[in-house]
Amino acid sequence: MNDPAVARTESARLRQKQDQDQEQEQEQEQERERRRWPHGPRRRASAAVLVRAALIAAGLVTVYYVLPLDGRSTTGTSALLACGLLLVFVIFWWEVRAIANSPYPRLKAVEALAATLVLFLLLFAGTYYLLEHSTPGSFSEPLTKTDSLYFTLTTFTTVGYGDVTPRTQTGRVLTMVQMVGGLLLVGVAARILAGAVQAGLRRRGREPSENFTSRPED
């Protein structure tokens, strides 16, 4: 005659074994899924960053062309540039803080740099356009918005084709300000972003490598 206590014990052991087998099967299935898609979350995050960066750039360029930039005095143009540079600094600093708290700090840094760079370039393009319309003859030829953006990009990339050049002292001072700002953006700002990425990785409990773009983040 079977002992009920022994039967209950055997039944409990059997259920426990079944639960363990089920957990192992789930873990094996998850492992197979990870091997099948080893960087799935990061790839989705990368795609999202590229899309957001493209949308931000397209949106800022659209605003630049749609915004009615009316004629202003030279003093008003300089004040607008100063306020714009302050806005770029504030946005950049906010992005740096967001990088440190992001689950994907490297990808967030790429998005931040793209947004800051586009805003910086469009700010100077708008300033050159306003200067030429408030003080005609400030450049070697009249500037449309496209011409202003073209001159801004050639100055930033140090290509300097020479077909558009500043003639007045104000135009040359603004161009020099852009040159210095571009150097700071490429050098100092990039270094600050790299530091924010390392801080974000440490917050997640990972030590950053010397080349902070070489390791996956998932």
Hey, can you tell me all the residues within region 173-205 that are more than 24 Å from TRP93 (Cβ to Cβ) and modelled with pLDDT under 70? GLY205
Count of region 147-169 residues which are modelled with pLDDT under 90 and in contact with a Leu (Cβ under 9 Å, 6 or more places away or on another chain): 1
Please specify each residue of region 120-148 satisfying the condition of being open to solvent by 50 Å² or more (accessible area, probe 1.4 Å) and in a helix (DSSP H, G or I). HIS133, THR146
Selection status of PRO136, within 29 Å of THR165 (Cβ to Cβ) and not β-branched (Val, Ile, Thr): yes
Could we say that ARG44 is modelled with pLDDT of 70 or more, part of a helix (DSSP H, G or I), open to solvent by 100 Å² or more (accessible area, probe 1.4 Å) and in contact with a helix residue (DSSP H, G or I) (Cβ under 8 Å, 6 or more places away or on another chain) here? no
Selection count, region 149-193, where residues are part of a loop (DSSP other than H, G, I, E, B) and either of a type in the set (Val, Ile, Thr) or closer than 29 Å to VAL96 by Cα (or both): 6
Which residues, counting only those in region 72-119, are open to solvent by less than 60 Å² (accessible area, probe 1.4 Å) and not in a helix (DSSP H, G or I)? SER102, TYR104
If you check every pair at least six apart or on different chains, which have Cβ atoms under 7 Å apart with a residue in region 153-179 that is within 15 Å of SER140 (Cα to Cα) first and a residue that is among the basic types (Lys, Arg) and assigned to a helix (DSSP H, G or I) second? PRO166/ARG172
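The values are calculated or read from the model by the stated rules, or taken from the named source; none is laboratory data. What you see is a predicted model; the values in this text were computed from it and never measured. Every residue, glycine among them, receives a Cβ derived from its backbone with ideal geometry; neighbour counts consider all protein chains shown. Surface areas here come from the heavy atoms of the whole protein model, side chains and all, with no ligands, DNA or RNA. Shrake-Rupley method; radii C 1.70, N 1.55, O 1.52, S 1.80 Å.
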